[in-house]
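The values are calculated or read from the model by the stated rules, or taken from the named source; none is laboratory data. Note that this is a predicted model, so its numbers are computed, not measured. Backbone-built Cβ (ideal geometry, glycine too); neighbour counts: all protein chains shown. Ligands, DNA and RNA are stripped out before the accessible areas are found, and what is left, the full protein with its side chains, is counted by its heavy atoms. Shrake-Rupley method; radii C 1.70, N 1.55, O 1.52, S 1.80 Å.
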Amino acid sequence: MKCPYCEHEKTRVIDTSHDSRGGIRRRRLCVQCEQRFSTYERPVLATPMLVKRDGTREEFSRDKLMTGIRVACAKRPVAAADIERIIGAIESELQQMGKAEVPSRLVGDRAIRQLKNLDQVAYIRYAIVYLRLDDLESIRSEIDRLLAE
Ligand SMILES: [Zn+2]
């Protein structure tokens, strides 16, 4: 570990402690300038790659998901914090699967399920794009299904 003050290559660990989230904190002392600093080690969960319908892969993008959900929620009484929460929940669910790759529709399915509980108009808007409800008949049957629940 390089010293952040003088960039000397050698530091000495003078104390090690564990934090409540499973991380490790090390107090270090630079052997050259004798400045002290701490380093933290925490597990980083990887987000799986998304496999699209056509077989190509893309990285999970919070921004892309955010844009889709925001458009669906435009002018609806939905708090920005709720949108953040949905995206955070989807991202951590993906990470907890512990897989290298998952079908990209998983993301859309989860978003749809969450929106359905949050705001039904936003849900229908998102579903029109995501489920490719591209004719009035299928949009109406989706709305009828919602009203029947
Ligand atoms: Zn130093």
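For the stretch 70-110, which trypsin sites (Lys or Arg not before Pro) are both in a DSSP coil and crowded by at most 13 other Cβ atoms within 10 Å?
Sites meeting the loop and neighbour criteria: Lys75, Lys99.
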(request) Write down the accessible area per residue of the chain in Å², having rolled a 1.4 Å probe over the full set of protein chains. (result) 68
(request) Please give the per residue volume of the convex hull enclosing the alpha carbon atoms of the chain, rounded to a whole number of Å³. (result) 171
(message) Under a Cβ-only charge scheme (Lys and Arg +1, Asp and Glu -1), can you give me the dipole magnitude of the stretch 67-149 about the Cα centre, in debye to the nearest 20?
(response) 160
(request) Whole Å is fine, so just give me how far the alpha carbon centre of the stretch 1-64 lies from that of the stretch 109-136. (result) 38
(request) Using only C-alpha atoms and all pairs of different ones, pull out the Kirkwood radius for the stretch 75-149 in Å with one decimal. (result) 13.5
(request) Enumerate the calculated ³J(HN,Hα) couplings along the stretch 30-35 in order (Karplus 6.51 cos²θ - 1.76 cosθ + 1.60, θ = phi - 60°), each rounded to whole Hz, writing x wherever the residue is Gly or Pro. (result) 6, 6, 8, 9, 6, 6
(request) Output the lone cysteines of the chain: those with no second cysteine's C-beta under 4.7 Å from their C-beta. (result) Cys73
(request) Place a +1 charge on the Cβ of each Lys and Arg in the stretch 1-108 and a -1 charge on the Cβ of each Asp and Glu, then give the dipole magnitude about the Cα centre in debye, rounded to the nearest 20. (result) 120
(message) 7 Å from Cα along Cα→Cβ at both Gln120 and Arg25: what's the point-to-point distance in nm?
(response) 5.0
(request) Would you please give the FRET efficiency between Gln95 and Ser141, computed as 1/(1 + (r/R0)^6) with r the Cβ-Cβ distance and R0 = 41 Å, to the nearest 0.05? (result) 0.70
(request) Among DSSP beta bridges lying fully in the chain, give the percent that are antiparallel, nearest 5. (result) 85
(message) What is the percent carbon and sulfur in the accessible area of the stretch 2-124, measuring with a 1.4 Å probe over the protein chains and ignoring ligands?
(response) 47
(request) State, as an integer percentage, the relative contact order of the chain based on alpha-carbon contacts under 8 Å between residues 6 or more apart. (result) 16
